[in-house]
Amino acid sequence: MKKILALFLCLGILTSCAGSQIVATVGNEKITKGEFEFYLSSIKGQLSGTELKTDEDWQTQEIEGEKAIDAAKQRALEIAVLNAEYREAARAQNMRFTEQEKENVKATKQQVISSYGGAAAYKKFLKENNITDRFIQLMCESTVYYEKLADKVAQEEPISKEELLKYFEDNKKMLSEEYKKAKHILIMTQDKSGKALSEEGQTAKKELAESLLERINQGEDFDAVMKEYSEDPGLSTNPGGYVFGSGEMVPEFEQAVESVSAGEVTMCKSVYGYHIIKRLSIEYSDIADKVEAAAVKDKISARLKEWEEQYNIEIKVNEELIKTVK
C-alpha cells in the first residue's frame, strides 16, 4: 500500500458500519473494520459531489486506472495507518501533551460531540457505526501528536527558503491541483439579510452579470470592472483574489474555476448570485505556509521508516478482510 502525505481527520456523516474484526495493526494499535469504514466513508463523502454517486459508480468507475472503490480503500488504509503511526512514533519518543494541548484535544472532542447533536446522539452514532469513544479520542489526539513530530523534524532538519522554493517548483503541478486561486465579480441575487430578490430583481442582476462578462471578454480590464461592480463583502480584504482548497468554496464556484485555465474568465451562479471568475496561477507566496507544511510532511514520511525500525513499530494488514468491505 502506498502512503499518502496527508493527515486526514474528516469527521463527516457516515454510513452504518458492521463488524469489529481487525483490519490492521500498527505497533500496539489495532484498526478495526468499523474504524476502517469510518475512514472509507469519509473519503467517499469527499467525492459525493462528483460522478461517483452510487455504489454501482464506485464499483464500475476508475480513479487513475484503478477501480474507484479499491482506490478509496487504499487511501482509507493509508490514512488510518498513518494516524496510528504518528501516535505510536510520538509515544515511543515519550512525547507528552502539555496542559494546553490536553485542553485543545478536549475542546476538539466536544466539538465533535456537539456536531452530532449532543451526548445522546453521539452515543447512538458510535453504536450505529461500531466505533468507540476511545477511537474518537485518538482521532482528536492525532493532530497534536503530528504537530509534535513536525516540530521535532523541523528543529532537527531545518528547511531553507531555497529548499522551499525548489519544493514548490518541483511539485507545482500537484500543488496547483490541490489549491486554486481566483478573483471574482459577485453580482448578488439576495439582499443583505440573505433573502432572495424578486424575480424581476434577479433578472436584472443576471442581465448585468452577462453584460459585464461580455465587456471583459471584449478586452475591458477585469480588475477595473471588479472594483466598480463587485458586491463581494470580502473584496476589500482579498483584492488579489482567493486561494482555496477543495470544499472551501461553494461547489459551483470551485467547479467553474476548475473548468478554465489560468488567465481565462468564466461565469457561474450560486446561492449568492452570479460569479464572474478569473482564474489565476498559484504562486509560492500564495501558499508559502502550505508548501512548508507539505515539505515537513515529506520529511516526516521519510523519518517514519526510521522510527518503525528504531522503535519496532510493525505494520500488519488483513487484505482479505479489506476485500469484504463494500
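Every read-out reported here was derived from the displayed coordinates using simple, explicitly stated rules and does not represent laboratory data. Everything numeric in this text was worked out from a predicted model, so none of it was measured. When we count neighbours, we look across all protein chains shown, and the Cβ atoms used for this are built from the backbone with ideal geometry, even at glycine.
Ranking I277, A24, T143 by how far each Cα lies toward the positive end of the dipole of the chain (charges on Cβ) leaves A24 at the top. What the Cβ-Cβ distance of S193 and I22 gives, at R0 = 51 Å and to the nearest 0.05, is a FRET efficiency of 0.45.
Helix 99-115 and the long axis of the chain differ in direction by around 70°, with both axes built from C-alpha atoms.
Axis angle, to the nearest 10 degrees, between helix 288-310 and the longest C-alpha principal axis of the chain: 10 degrees.
Among K53/K172; K44/K172; K33/K102; K73/K290; K109/K180; K173/K297, which pairs are too far apart, with a Cα-Cα distance over 22 Å? Beyond 22 Å between Cα atoms: K53/K172; K44/K172; K33/K102; K73/K290; K109/K180. Per-residue Karplus couplings for the range 56-68, computed as 6.51 cos²θ - 1.76 cosθ + 1.60 with θ equal to phi - 60°, are listed in order as 5, 4, 5, 7, 10, 8, 10, 10, 6, x, 10, 3, 3 Hz, Gly and Pro entered as x.
Placing +1 on the Cβ of every Lys and Arg and -1 on the Cβ of every Asp and Glu, with nothing else charged, gives the chain a dipole about its Cα centre of roughly 1120 debye. Modelled spin-label separation between E178 and Q310, with each label point placed 7 Å from Cα along the Cα-to-Cβ direction: 2.4 nm.
First measure r as the distance between the Cβ atoms of D223 and E101, then evaluate 1/(1 + (r/R0)^6) with R0 = 56 Å and state the FRET efficiency to the nearest 0.05.
0.80
Grab the DSSP H runs of the chain that are 4 residues or longer, score each as -39,500 (n - 2.57), total them, divide by all residues and round the 222 nm result to the nearest 500 deg cm²/dmol.
Details: 13 runs with 176 residues, N = 326.
So the calculated ellipticity at 222 nm is -17500 deg cm²/dmol.
Close amide H partners of Q190, meaning residues 5 or more places away or on another chain with modelled amide H under 5 Å apart, are L197. Remark on T32: its backbone amide H falls under 5 Å from those of V23, a criterion applied only to residues 5 or more positions apart or on other chains, H modelled at 1.01 Å from N.
Only Cα pairs under 8 Å and at least 6 apart count here; give the relative contact order of the chain as a rounded whole percent. Walk me through the numbers on the way to the answer.
Values: 374 pairs, mean separation 75.8, N = 326.
It rounds to 23 percent for the chain.
Between Q110, W58, Q100, whose Cα lies farthest towards the positive end of the dipole of the range 38-114 when Lys and Arg beta carbons carry +1 and Asp and Glu beta carbons carry -1, centred on the Cα centre? The residue sitting farthest along the positive end of the dipole is Q100. The slack between E258 and E147, meaning 0.36 nm per residue of separation minus the straight C-alpha distance, is 36.8 nm. Residue-wise HN-Hα couplings along the range 317-326, as the Karplus relation 6.51 cos²θ - 1.76 cosθ + 1.60 with θ = phi - 60° gives them from phi, are 10, 8, 5, 5, 5, 4, 4, 7, 6, 8 Hz; Gly and Pro carry x. Residues whose amide H falls under 5 Å from that of I63, counting only those 5 or more places apart or on a different chain, are A68, with hydrogens built in the peptide plane.
Scale the Cα Rg of the range 168-318 by the rule-of-thumb value 2.2 N^0.38 Å and send over the ratio, two decimals.
Details: Rg = 20.8 Å, N = 151, 2.2 N^0.38 = 14.8 Å.
Compared with the compact-globule rule of thumb, the range 168-318 sits at 1.41.
Within the straight-line cut-off of under 29 Å between alpha carbons, the lysines reachable from K195 are K181, K183, K205, K206, K227, K269, K278, sequence neighbours fewer than 8 places apart in one chain being disregarded. Projecting the Cα positions of I159, A224, L208 onto the charge dipole of the range 115-243 (unit charges on Cβ atoms of Lys, Arg, Asp and Glu, taken about the Cα centre) puts I159 furthest along the positive direction. Seen against the Cα atoms of the chain and their longest principal axis, helix 33-46 is set at about 10 degrees.
Send over the semi-axes of the chain's equivalent ellipsoid, whole angstrom and largest first, taken as the square roots of 5 times the C-alpha gyration tensor eigenvalues.
Details: eigenvalues 326, 126, 79 Å².
So the equivalent ellipsoid measures 40, 25, 20 Å along its semi-axes.
Charge dipole (Cα centre; +1 on Lys/Arg Cβ, -1 on Asp/Glu Cβ; no other charges) of the range 175-284 amounts to roughly 160 debye.
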